[in-house]
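As structure tokens, the structure follows; a few thoughts come after it.
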Amino acid sequence: MTGRRGALIILEGVDRAGKTTQSTKLVQALQDRGHPAEMMKFPDRTTKIGQMISSYLVKATNLEDHTVHLLFSANRWELVPLMKEKLEKGISLVVDRYAFSGVAFTSAKPGFTLEWCKSPDVGLPKPDLVLFLQLSPAEAAQRETFGNERYERADFQKTVLQRFNQLMTDPTLNWQVIDAARTIEELHKDILRHSEVAIEQAATQPLKELWK
Ligand code: NYM
């Protein structure tokens, strides 16, 4: 590779923290400033695996808990060749959820350890930046009510937040906690600032592997 590689930037957080709004705004702002950037989201419901996941989330089908965890991971792995191709071309990827959601949501179910949940995602492209949109359960409760999908329950989301907090103690990752209780524009400014630093730093560094 001769040119600069793109940065892998992930947005994580509990449901309703504003990840999708902020990912869209970030891609637009990066493009406006001359940084090639594209958005991705997980689960990617457009693939065959993604359709199985989507049908589970909308409760049209039931899947065994380990099985659905592995499908979420497979849905990331099937997009790895495309992600690497884009990053190598110098395109930064802004990704709405990644392996951290995978681990936080499954390990919030009884009988699942963080270690077991992490293992299928070991070796995925390692993010250069993980932005965690922090919103307390009380603040989340003031936003519009949950939809009807699986996992959209306040008690479950509380456990998910605890699991995210455990994942954020990992010093091998560049976690940045963003206070998501502020306005859309305030959050956006912070997110853009962190992202531009990450893009600069990633440009001259090889892409690494997650949790390895
Ligand atoms: N989710 C998302 C998981 O349980 N595991 C995963 O690996 C990922 C990426 O799917 N409640 C959950 C979190 C969400 C749901 O996400 C769908 P979205 O962003 O609402 O499409």
- request: Could you work out the longest stretch of the chain that avoids the GluC sites (Glu not before Pro) located in DSSP loops with at most 13 other Cβ atoms within 10 Å?
  value: 65-143
From phi via Karplus (6.51, -1.76, 1.60), per-residue ³J(HN,Hα) for region 31-36 in Hz, x at Gly/Pro: 4, 4, 8, x, 9, x
task: Specify the angular offset, from 0 to 90 degrees and rounded to the nearest 10, of the alpha carbon long axis of helix 154-167 from the longest principal axis of the alpha carbons in the chain.
output: 40 degrees
- request: Determine the shape class of region 1-57: with a ≥ b ≥ c the square roots of the Cα gyration tensor eigenvalues, call it rounded for a/c under 1.5, and otherwise prolate if a/b is greater than b/c, oblate otherwise.
  value: oblate
- line: Once amide hydrogens are built 1.01 Å from N within the peptide plane, the residues lying 5 or more places from MET40 or on another chain with amide H under 5 Å from its amide H are VAL94, VAL95, ASP96
message: Given axes a ≥ b ≥ c from the Cα gyration tensor, I'd like to know whether region 76-116 is rounded (a/c under 1.5), prolate (a/b larger than b/c) or oblate.
response: prolate
message: For LYS109, what residues show an amide H to amide H distance below 5 Å, using hydrogens built from the backbone and excluding near sequence neighbours?
response: none
task: Any chance you could check the Cα centroid distance between region 55-78 and region 113-136 for me, in angstrom?
output: 17 Å
- request: Provide the per-residue ³J(HN,Hα) series for region 133-144, in order, calculated from phi with Karplus coefficients 6.51, -1.76, 1.60 and θ = phi - 60°, each as a whole number of Hz, with x at glycine and proline positions.
  value: 7, 8, 9, 6, x, 5, 5, 4, 5, 7, 7, 3
message: Sort ARG76, ARG182 by heavy-atom solvent-accessible area, probe 1.4 angstrom, most to least.
response: ARG182, ARG76
- prompt: What is the extension gain from LYS158 to LYS59, computed as 0.36 nm multiplied by their sequence separation minus the C-alpha to C-alpha distance, in nm to one decimal?
  reply: 33.5 nm
- line: Scattering profile of region 27-117 from the Debye formula, Cα beads only, expressed as log10 I(q)/I(0) at q = 0.17, 0.18, 0.22 Å⁻¹, is -0.78, -0.85, -1.08
- prompt: To the nearest 10 degrees, how steep is helix 65-77 against the longest Cα principal axis of the chain, on a 0 to 90 scale?
  reply: 10 degrees
message: List residues of region 113-137, by number, whose backbone nitrogen lies under 17 Å from a label position 7 Å along Cα→C-beta of THR169.
response: 113-118
task: Give the carbon-plus-sulfur fraction of the accessible surface of the chain in %, rounded to a whole number; probe 1.4 Å, heavy atoms of protein chains only.
output: 53 percent
- request: With a ≥ b ≥ c taken as the square roots of the eigenvalues of the C-alpha gyration tensor of region 162-212, please select rounded if a/c is under 1.5 and otherwise prolate if a/b is larger than b/c or oblate if it is not?
  value: oblate
query: Where Rh denotes the Kirkwood radius from the mean inverse Cα pair distance, what is Rg over Rh for the chain?
result: 0.94
field: Rounded tilt (10° steps) of 48-57 against the dominant C-alpha axis of the chain
entry: 50 degrees
- prompt: Considering amide H positions built from the backbone, and no H for Pro or chain starts, which residues 5 or more places from LYS208, or on another chain, come under 5 Å of its amide H?
  reply: LYS126
- prompt: Got a sec to turn the phi values of region 190-196 into Karplus ³J(HN,Hα) couplings, 6.51 cos²θ - 1.76 cosθ + 1.60 with θ = phi - 60°, whole Hz, x for Gly and Pro?
  reply: 4, 5, 5, 4, 4, 5, 5
message: Below 15 angstrom from the Cβ of ASN148, what's the summed charge of the other residues (Lys, Arg +1; Asp, Glu -1)?
response: 0
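The values are calculated or read from the model by the stated rules, or taken from the named source; none is laboratory data. Fair warning: this is a prediction, and the values are worked out from it, not measured in the lab. Note that each Cβ is placed from the backbone with ideal geometry, even for glycine, and that neighbours are counted across all protein chains shown. Surface areas here come from the heavy atoms of the whole protein model, side chains and all, with no ligands, DNA or RNA. Shrake-Rupley method; radii C 1.70, N 1.55, O 1.52, S 1.80 Å.
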